[in-house]
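A.B. asks: Here's a structure for you.
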Amino acid sequence: PREIFLKDYKMPDYLFDTVDLRFDLGEDKTIVSSKIAVLSRVEGAPCPLVLHGSDLKLLSIKVDGKELKKEDFHLDHRHLTLPSPPASAFILEIVTEIYPQKNTSLEGLFKSSGNFCTQCEAEGFRKITFYQDRPDVMARYTCRIVADKTLYPVLLSNGNLLEQGDLEGDKHYALWEDPFKKPSYLFALVAGQLESRDDKFITCSGREVQLRIWTPSEDVPKTAHAMYSLKAAMKWDEDVFGLEYDLELFNIVAVPDFNMGAMENKSLNIFNSKLVLASPETATDGDYAAILGVIGHEYFHNWTGNRVTCRDWFQLSLKEGLTVFRDQEFSSDMGSRTVKRIADVSRLRNYQFPQDAGPMAHPVRPHSYIKMDNFYTVTVYEKGAEVVRMYKTLLGSSGFRKGMDLYFKRHDGQAVTCEDFFAAMCDANDADLSSFLFWYSQAGTPQVRVTSSYDPDARMYSLKFNQEVPPTPDQPVKEPMFIPIALGLLDSNGKDMPLTCVYHDGVQQTISSNDQPVCKTILHVKKKEEEFVFANIPERPIPSLLRDYSAPIRLDSDLTDSDLFFLLAHDSDEFNRWEAGQVLARKLMLSLVADFQQNKSLSLNPKFVEGIRSILCNTSLDKEFIAKAITLPGEGEIMDMMTVADPDAVHAVRVFIKKQIALNLKEDLLATVINNRSSETYVFDHHNMARRALKNTSLAYLASLDDPELTDLVLHEYKSATNLTDQFAALAAIAQNAGQVRDGVLSDFYTKWQHDFLVVNKWFALQAMSDIPGNVTNVQKLLSHPAFDLRNPNKVYSLIGGFCGSPVNFHAKDGSGYKFLGELVLQLDKINPQVASRMVSAFSRWRRYDEHRQALAKAQLEMIISANGLSDNVYEIASKSLA
Ligand code: HT7
Ligand code: ZN
C-alpha cells in the first residue's frame, strides 16, 4: 500500500466549476452520469488530468461532446487518466455503473434497510464516479435522481429542490441544486421510504428555514429530541458565534447502517439512527446527551467544515477539532459546564492518552497516512478540540471570537490549513503565539512536573515547571510546547488569594491591583524549565493548578494527600475539586495494585472513604457532579499509568475499593437511592438527569455487594423503572454478579425489547463488557444470536467492541480474547474494512502487557497481517502496531 505525505501536497492542476450528476437508481445496478465543467489552473501548460475511481465500471467518457477512444485515456484500478486534455476550459462527461446493493463497506453509495444512501467522507465519492476526489476541489453541484416511485418515494440531495415529477414506468425524478461550492466529500443522496418530522426555524435575520428529520414512518415519534436539539444548535450558533444558517432547507436522515456517528453533508446530514432516535422508554440520558451533542456537531460543521473546509485531509482537525470544541461548548451551555468538562477530560484520558503513548501516536495534524479513514481519531478530534480550547484560554472569550470572525471573513468559500486558523487567531488579537504551532506537529502527551516552594520572609511563592514531550513513532526528539496553565492559590481557609504580581524570567508582571483583585491567572509555560514567582503571598498557599484542565497534559505535582483532600473540599474551580479526588484515587489504586501483585492483603485508607462520604452527603453540591466525583478512575486509566499493565490486578483492586465503599457507606448510599427516585414523567433537563445519575451510581455501588437484600432492591428498581435510564442502570447493576438473577433479568430485558434494535444493541454491549470470568464463551455464542449481524457496524461495535473494552476478558491469560478478535477481524475485513480496522486497533497496545500476553497478541497480529487480500485499512493499523 502507498503512504501519502503532507510534505508532498500540491495544488490541483485542474479546477472544477460545476458538476451535474444524474443517478438512475436500479435494483441491481445504478448508472451515474456526470458532466463536469473543467477549468485548467495553469492554462497552456498541458498536464494529465488524473481522476480517482474505485470499484467503478466505466461506460463512456466524452470531452466537449466527443466520445474518447480507449487510447485517449488510461484506466487502472484506482485512477482514470486523461494524458492530454484541452488546454483551456472544457466539458467532461463520464458514465459509470455501480452496484450499491453489493456495497457492504458503507462507503460511496450503498443500501441501508432498503433505502439508498451515501457516505463520501473521506474518499467515498470515488466509489460513485471518477472525480478529483480531494477537498480542495470545490464546485457547484446539481443532482438529478431517477428511481422507482413506489420503492423510493423520497429523493433527496444537497441544496434546494428545483424540480420533481413523474416519469413513465412508475418512475419519478427530483432535481436538486446546491448553490454553495463544495468538495466531493460533502455530496449526499438519499432515496427511499421515509417520513419526516417537520418544523421551522426563523434565523436572526428573519429568514424561515424548513427543518425535516427523515426516518422510517414508525420512528418519526422518536425524533422530537433530535428536532429540539437542532433548533437549539441553530440558535446557539447565532448567539455565540453570530453564525446564521444559509439555505431555506435543512434535512437530517437517520439510517441504521453507518460506519460512524453522523455526516455533515451540506443541508442533508445523514445520521446513524442511534444518534437521532430517542424516547424515554428506549434511550438513556447518555443517549439524549449524545444526540444533543452530535446534532449540534454536524450542524456546526455548516460553517466550520462546509463554508470553510480543509485544503487536504492532513488538516482534518481544522474542521473536526474546532467543531468538537464548538459542540462541547454547546452542550456545556445546555447543561452543567463542569460535568461536561469532566466527561470530556475523562474521554481524553481514557482514549486519547493511550493512543498518544502507543504505536498509532500521531500529531493532531498527521504527517502521513495509508488510509485516511484510520485518522478519524481521538487525537484529531478530542486533542484537536483541546488545542482550539487553548486559543480561547490564551486569548479570552472575546479574543477568541475576534479570531473566529476574522477566520470566516478571510476564508469563507475556501479550503484552508491549520496555519490559516492560527494566523486568524493571532492577527485578530495582535498576539504572538509562535511556538503554539507545535501542538499541531508533535505527537505525545506532554508530561509536566511542578515543584513549589514558599519563602515566608520574602512572602514569595515559587512554582517551577519542567516539561517533557515523550518520543513517539518517527519523532524521537521534541521541542518544548506552549502550555497555558490556569491557576489559583488557596489560603488556609480555602479561599482564592488575590494575585498581584508574578516574576518570570526576571521580569515583573502585574496581575491585579488592590481595587480590582484577580484570583486566577494563566501562566504561559513555553520552555523545558521555567519558574514563576508570585509576590505578596501572605502564607504558604495550596496551588490549584491547570484549572478547568487548561492544557492536554499529564501533570505531576508535589501536592501531598492532605493538600489534595483540602482541594477536594474547597477549590473554587469545580473541575479541580473533582480532579483532586481523582488524583487521590489514582494514587490509592496504584499502591493497592502493588500490594495485590505482592500478595499482600488489601486495606483501604479510611480517609479516602470519608472523603467519598463527605462528597456524597454534601447537599450543596450538584448531584451530577457528586456522581462523577464518587466514581473511581477507569481500569484503563490506571493501567495506562503502569510500566507493565496488569489487567487482573487493576480489576481486582477496583472491585475491592468499590465493595469497601459500598460496605462502609451502605446507609448513605441507600438513602441516596431512595431520595432520588425519578418522578413518573421523564424530563431531559440537568436537574432530573443529575438525580438519576446520582441514584444509579449509588445503586451500582450497592449491587456490587451481591447481598440478597440489596439485589431485591435493585430488582425493584428494575421493575418499577419508568424510563430506560433507570431500567438499564438497574440491569447493569444486577449484571455485575453472575448467577440466576442476572440470567433471568437479562432474558426478561431481551424479551421486552427484542423489537427495538437500538435497545437490543445495548443489551449486547452490556453482556460483552461484562467482567464475569470466561465471558468470551458467552460473547462467542451471542455472535450467532438471531439479532446479531456482522454487517451492521452498531452491532459490531456493541458486541465485539464492547468485549475488547473489558480488560479482564479481552486480555485473558489463556489468549482466548485475542484469538476471538483475531478471527473476527479477518471475517469483518471482507465485509467492511473501516469497521475491521477499528476493531484491530484493540491490539495496538499489546506491548504494554506482560511477555506472555505480548506473545499471544503478537501472534494474532502476525496472523492478520499475513492474510490474503487484507484491506489497506487493517494493514495500516496491524503493521504499525507490529513495527
Ligand atoms: N465528518 C464526519 C466524518 C465521517 C466519516 C469519516 C470516515 C468514514 C465514515 C465517516 N462518516 C462520517 C463525521 C463528523 O465528524 O462530523
Ligand atoms: Zn465532525
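A.B. asks: Quick one: which strands (runs of 3 or more DSSP E) sit completely within segment 84-125 and have at least 2 residues that are at pLDDT 95 or above and away from ligand 1 (no atom under 16 Å from the Cβ)?
C.D. replies: Correct list: 90-98, 115-119.
A.B. asks: Taking residue 265 as the residue in question, decide whether it is in contact with a Leu (Cβ under 8 Å, 6 or more places away or on another chain), within 15 Å of ligand 2 (Cβ to nearest atom), at pLDDT 95 or above and under 21 Å from residue 179 (Cα atoms).
C.D. replies: yes
A.B. asks: A further question on this structure: Out of the residues in segment 469-496 that are closer than 15 Å to residue 572 by Cα and buried (at least 19 other Cβ atoms within 10 Å of the Cβ), state the one that is nearest to the chain's Cα centre (by Cα). Talk me through it step by step, then tell me what you get.
C.D. replies: Taking segment 469-496 and keeping what is closer than 15 Å to residue 572 by Cα, we get 486-496.
Narrowing further to those that are buried (at least 19 other Cβ atoms within 10 Å of the Cβ): 486-490, 496.
Numbers: 486: 25, 487: 28, 488: 31, 489: 34, 490: 35, 496: 35 Å.
So the residue we want is 486.
A.B. asks: Could you tell me whether residue 318 is in contact with a strand residue (DSSP E or B) (Cβ under 6 Å, 6 or more places away or on another chain), modelled with pLDDT of 95 or more and within 15 Å of ligand 1 (Cβ to nearest atom)?
C.D. replies: Yes.
A.B. asks: If a residue counts only when it is within 16 Å of ligand 2 (Cβ to nearest atom), which helices (runs of 4 or more DSSP H) contained entirely in segment 300-376 have at least 3 such residues?
C.D. replies: Result: 316-334.
A.B. asks: Tell me, please, whether a residue that is at pLDDT 95 or above, under 30 Å from residue 694 (Cα atoms) and within 16 Å of ligand 2 (Cβ to nearest atom) can be found in segment 284-291.
C.D. replies: yes
A.B. asks: Right, something else. Given segment 491-586, what strands (runs of 3 or more DSSP E) lie entirely inside it while holding 1 or more residues that are hydroxyl-bearing (Ser, Thr, Tyr) and not assigned by TED's automatic domain parsing to the domain that holds residue 346?
C.D. replies: Qualifying strands (runs of 3 or more DSSP E): 501-504, 507-510, 521-525, 542-545, 554-557.
A.B. asks: Taking segment 832-846 as the region of interest, how many residues are more than 14 Å from ligand 1 (Cβ to nearest atom) and free of Cβ contacts under 8 Å to residues at least 60 places away in the same chain?
C.D. replies: So the count comes out to 5.
A.B. asks: Can residue 682 be described as assigned to a helix (DSSP H, G or I), crowded, with 18+ Cβ neighbours inside 10 Å and aromatic (Phe, Trp, Tyr)? Steps first, answer last, please.
C.D. replies: Working: assigned to a helix (DSSP H, G or I): no; crowded, with 18+ Cβ neighbours inside 10 Å: yes; aromatic (Phe, Trp, Tyr): yes.
For residue 682, the condition - assigned to a helix (DSSP H, G or I), crowded, with 18+ Cβ neighbours inside 10 Å and aromatic (Phe, Trp, Tyr) - is not met.
A.B. asks: All but one of (1) under 25 Å from residue 307 (Cα atoms); (2) out of contact with any strand residue (DSSP E or B) (no Cβ under 7 Å at 6 or more places or on another chain); (3) in a loop (DSSP other than H, G, I, E, B) hold for residue 169, so report the exception by its number.
C.D. replies: With respect to (1) under 25 Å from residue 307 (Cα atoms); (2) out of contact with any strand residue (DSSP E or B) (no Cβ under 7 Å at 6 or more places or on another chain); (3) in a loop (DSSP other than H, G, I, E, B), residue 169 is out only on (1).
A.B. asks: Determine, yes or no, whether residue 331 is in the same structural domain as residue 366 (by TED's automatic domain parsing), more than 12 Å from the chain's Cα centre (by Cα), within 16 Å of ligand 1 (Cβ to nearest atom) and under 18 Å from residue 549 (Cβ atoms).
C.D. replies: Here the answer is yes, as residue 331 does meet what is asked.
A.B. asks: Under 9 Å by Cβ, and 6 or more places apart or on different chains, what pairs join a residue from segment 494-510 that is at pLDDT 95 or above and among the basic types (Lys, Arg) with one that is assigned to a loop (DSSP other than H, G, I, E, B) and surrounded by 13 or more Cβ atoms within 10 Å (Cβ to Cβ)?
C.D. replies: Close Cβ pairs (under 9 Å, with a partner that is assigned to a loop (DSSP other than H, G, I, E, B) and surrounded by 13 or more Cβ atoms within 10 Å (Cβ to Cβ)) amount to 495/519; 495/572.
A.B. asks: Return the only residue of 200, 274 being within 16 Å of ligand 1 (Cβ to nearest atom) and at pLDDT 95 or above.
C.D. replies: The unique qualifying residue is 274.
A.B. asks: Condition check: touching a residue at least 40 places away in the same chain (Cβ under 8 Å) and of a type in the set (S, T, N, Q). Does residue 775 satisfy that?
C.D. replies: Details: touching a residue at least 40 places away in the same chain (Cβ under 8 Å): no; of a type in the set (S, T, N, Q): yes.
When the stated conditions are applied, residue 775 does not pass them.
A.B. asks: If I ask for residues that are in contact (Cβ under 8 Å) with a residue 60 or more places away in the chain and within 15 Å of ligand 1 (Cβ to nearest atom), which ones from segment 277-301 would you list?
C.D. replies: Result: 291, 292, 295, 296, 299, 300.
A.B. asks: Can you run down the residue pairs with Cβ atoms below 7 Å, 6 or more apart or on separate chains, where the first is in segment 250-264 and assigned to a loop (DSSP other than H, G, I, E, B) and of a type in the set (Lys, Arg) and the partner is at pLDDT 95 or above and within 13 Å of ligand 2 (Cβ to nearest atom)?
C.D. replies: Cβ pairs passing all conditions: none.
A.B. asks: Follow-up question, since we're still on this one. Go through (1) more than 16 Å from ligand 1 (Cβ to nearest atom); (2) more than 16 Å from the chain's Cα centre (by Cα); (3) surrounded by fewer than 19 Cβ atoms within 10 Å (Cβ to Cβ) and name the single condition residue 350 misses.
C.D. replies: It is condition (2) that residue 350 fails.
The values are calculated or read from the model by the stated rules, or taken from the named source; none is laboratory data. Values in this document were obtained by computation on a predicted structure and should not be read as measured data. For neighbour counting, all protein chains shown are included, and Cβ atoms are generated from backbone atoms with ideal geometry for every residue, glycine included.
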